[in-house]
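*Asks:* Before I ask anything, here is the structure I am working with.
The values are calculated or read from the model by the stated rules, or taken from the named source; none is laboratory data. Note that this is a predicted model, so its numbers are computed, not measured. Cβ: placed from backbone, ideal geometry, glycine included. Neighbour counts: every protein chain shown. Surface accessibility is based on the protein's heavy atoms, side chains included, excluding ligands, DNA and RNA. Shrake-Rupley method; radii C 1.70, N 1.55, O 1.52, S 1.80 Å.
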Amino acid sequence: MIKKYITIIISLLFCICLFGCRDVVDGSPATSEEETGDDEIVIGFSQLGAESDWRSANTESMKEAFSNENGYKLIFEDGQQKQSNQITAIRTFIQQEVDYIVLAPVTETGWDTVLQEAKDAGIPVILVDRMIDIEDESLFTCWVGSDFGLEGRKITSWLERFTYMNGIKSEDIHIVNIQGTLGASSQIGRTEALRSAVKEYGWDLVAEVSGDFTQAKSREVMAELLEKHDNINVVYCENDNEALGAIEAIEAAGKKVGSDIRNGEIMILSFDGVNEEALAYLSEGKITCIAECNPLQGPRIQAVIALLEVSGNPDKFSYVEERIYSMYTEIRQVTVDGKLYEVTFLE
Ligand code: AHR
C-alpha cells in the first residue's frame, strides 16, 4: 500500500512538470483501489507489434514504467500489427476489469465500437504513439505521442536547404518514399509532409510504396524500385529499419549511398534515431539526416495515470519533444512554420 502511494506521489511530481496543475473534473477511473481492495493498479496495454527497434524501445519503456516494483500489474498484449488482435485484447481487458487500458493503435480508423465498449465498462483508455480517427473524442481520455507531420516537415525543410546550398535544381531531385504501415498516423503524417514539400518545391516524386516499417519489406520494395527506375537519388524512409533495408538493396545493386547525389550517390533520409546501426550509419554518412521519433513514453503515461488516480485532468493531447540529426554541418538549423529547429550533429 505504502509502495503504491510513493509511486503515485513520484509520478505526480513528474506529471506536474509535464502537464502543469489541472482542475479536478468529474469522470473518474472505473475500478478504484477502494472498490477492489487491491493495492495494485492494473493496466492492460495493447501494443501494436514488434516491427521495429523503435517499437521494442517503446515496449521496454512501458514495461519499466509499469513494473510490479512501481506498484502496477501490467497485462501486455502484442497485436502483431493486426487491428483485429488489438480489438480482441481490449475486449479481454474489459472482461478482466483492468483499471486502465493503454492502446498503441496500429492504424487510425475502426476503433469506435470497441472504445465505446470500454467507455460503457467505465474503463479509461489512454492512447500512446499513434492517433485514432474517431467521431466521439470522449471515447479516449487522452493521447501522448509524436507530431509525425512536424517530423516530416523538418526533414523536407532540411532537404530544401541542402538543394539550395548545393545549387541542385528542384527537378533534379528524384525521390522515392518507402512508407510505413498504410493508415498509421506516423505514415500519414510523414507521407503528407513529403507530398506537400514535393508540391511546394517541385521535386520529382518517383514512387511511393509501403515498407510496413520493417527492414525486410523495405529491402524487397527498394530492390524492385531500383529495377524500375534508374534516376532515384533520394530515398525518404519512414523509419530507420526501412532505411537499413533500403541501404542493403542499394548496395546489393552496386550503387552507393551518401549525400553526393550530383556524383551518383543515393541520399537516405530517415525517422526515429533509435536503432544503433542506423545511428552508426548516420555518423559514417550512409544516412544523411534523421528526424527523431522519441519512443520513451512509459514515464509520461505513468504520470497521466497518477494524475487520473487523484481525479486530475490530463491534457487531451501531449506531444513529445524531438530533434533532427545529421552529420552535414553546413546546415545548422531548419525552419518549419516560422519556427527554428537546431540540427543536432552526432559525435
Ligand atoms: O508510430 C511510430 C513509428 O512506428 C516509428 O517511427 C516506427 O519505427 C514504428 O514502427
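*Asks:* Condition (residue is open to solvent by 50 Å² or more (accessible area, probe 1.4 Å) and either in contact with a strand residue (DSSP E or B) (Cβ under 9 Å, 6 or more places away or on another chain) or within 14 Å of residue 301 (Cβ to Cβ) (or both)) applied to the stretch 47-59: is it met by at least one residue? Give the steps one after another, and end with the answer.
*Replies:* Quick first cut of the stretch 47-59, residues open to solvent by 50 Å² or more (accessible area, probe 1.4 Å) only: 50, 53, 56.
Pick out the ones that are also either in contact with a strand residue (DSSP E or B) (Cβ under 9 Å, 6 or more places away or on another chain) or within 14 Å of residue 301 (Cβ to Cβ) (or both) and you get 50, 53.
Yes, the stretch 47-59 contains at least one residue that is open to solvent by 50 Å² or more (accessible area, probe 1.4 Å) and either in contact with a strand residue (DSSP E or B) (Cβ under 9 Å, 6 or more places away or on another chain) or within 14 Å of residue 301 (Cβ to Cβ) (or both).
*Asks:* Tally up the residues in the stretch 241-285 that are closer than 21 Å to residue 295 by Cβ and of a type in the set (S, T, N, Q), please.
*Replies:* Here the count works out to 4.
*Asks:* Sticking with this structure for a sec: Could you go through the stretch 321-342 and let me know if any residue there is under 24 Å from residue 130 (Cα atoms), in contact with a strand residue (DSSP E or B) (Cβ under 7 Å, 6 or more places away or on another chain), in a loop (DSSP other than H, G, I, E, B) and in contact (Cβ under 8 Å) with a residue 60 or more places away in the chain.
*Replies:* Yes, because at least one residue in the stretch 321-342 is under 24 Å from residue 130 (Cα atoms), in contact with a strand residue (DSSP E or B) (Cβ under 7 Å, 6 or more places away or on another chain), in a loop (DSSP other than H, G, I, E, B) and in contact (Cβ under 8 Å) with a residue 60 or more places away in the chain.
*Asks:* With (1) at pLDDT below 95; (2) open to solvent by less than 30 Å² (accessible area, probe 1.4 Å) as the list, and residue 327 as the residue in question, which single condition is left unmet?
*Replies:* Against the list (1) at pLDDT below 95; (2) open to solvent by less than 30 Å² (accessible area, probe 1.4 Å), residue 327 comes up short only on (2).
*Asks:* Turning to a different aspect of this structure: Take the residues of the stretch 129-145 that are out of contact with any Pro (no Cβ under 9 Å at 6 or more places or on another chain) and either of a type in the set (Asp, Glu) or within 14 Å of the ligand (Cβ to nearest atom) (or both): which is nearest to residue 314 (Cα to Cα)?
*Replies:* Only one residue fits best here, namely 143.
*Asks:* Let me ask something else about it. Is there a residue being more than 21 Å from residue 304 (Cα to Cα) and not in a loop (DSSP other than H, G, I, E, B) anywhere in the stretch 98-110?
*Replies:* Looking through the stretch 98-110, none of the residues is more than 21 Å from residue 304 (Cα to Cα) and not in a loop (DSSP other than H, G, I, E, B).
*Asks:* Could you say whether any residue in the stretch 169-190 is open to solvent by 30 Å² or more (accessible area, probe 1.4 Å), under 20 Å from residue 294 (Cβ atoms), of a type outside the set (Phe, Trp, Tyr) and part of a helix (DSSP H, G or I)?
*Replies:* Checked against the condition, which is being open to solvent by 30 Å² or more (accessible area, probe 1.4 Å), under 20 Å from residue 294 (Cβ atoms), of a type outside the set (Phe, Trp, Tyr) and part of a helix (DSSP H, G or I), the stretch 169-190 yields at least one hit.
*Asks:* When both residues are 6+ apart or on different chains and their Cβ atoms are under 7 Å apart, which pairs have a first residue that lies in the stretch 39-60 and is closer than 19 Å to residue 99 by Cα, and a second that is near the ligand (Cβ under 10 Å from one of its atoms)?
*Replies:* As it stands, the answer is 46/104; 47/104, since those pairs meet every condition given.
*Asks:* Hey, residue 167 hits all of (1) on the phi > 0 side of the Ramachandran plot; (2) in the same structural domain as residue 65 (by TED's automatic domain parsing) but one; which does it fall short on?
*Replies:* Every listed condition holds for residue 167 apart from (2).
*Asks:* If I filter the stretch 18-26 for residues that are modelled with pLDDT of 95 or more, more than 30 Å from residue 186 (Cβ to Cβ) and out of contact with any helix residue (DSSP H, G or I) (no Cβ under 6 Å at 6 or more places or on another chain), do I get at least one hit?
*Replies:* no
*Asks:* Please go through the stretch 101-149 and pick out each residue that is of a type in the set (Ser, Thr, Tyr) and over 20 Å from residue 42 (Cβ atoms).
*Replies:* If the condition is that a residue be of a type in the set (Ser, Thr, Tyr) and over 20 Å from residue 42 (Cβ atoms), then 107, 109, 113, 138, 146 are the ones that fit.
*Asks:* So for the stretch 114-123 (the condition being within 22 Å of residue 320 (Cα to Cα) and surrounded by fewer than 19 Cβ atoms within 10 Å (Cβ to Cβ)), does at least one residue qualify?
*Replies:* No, because not a single residue in the stretch 114-123 is within 22 Å of residue 320 (Cα to Cα) and surrounded by fewer than 19 Cβ atoms within 10 Å (Cβ to Cβ).
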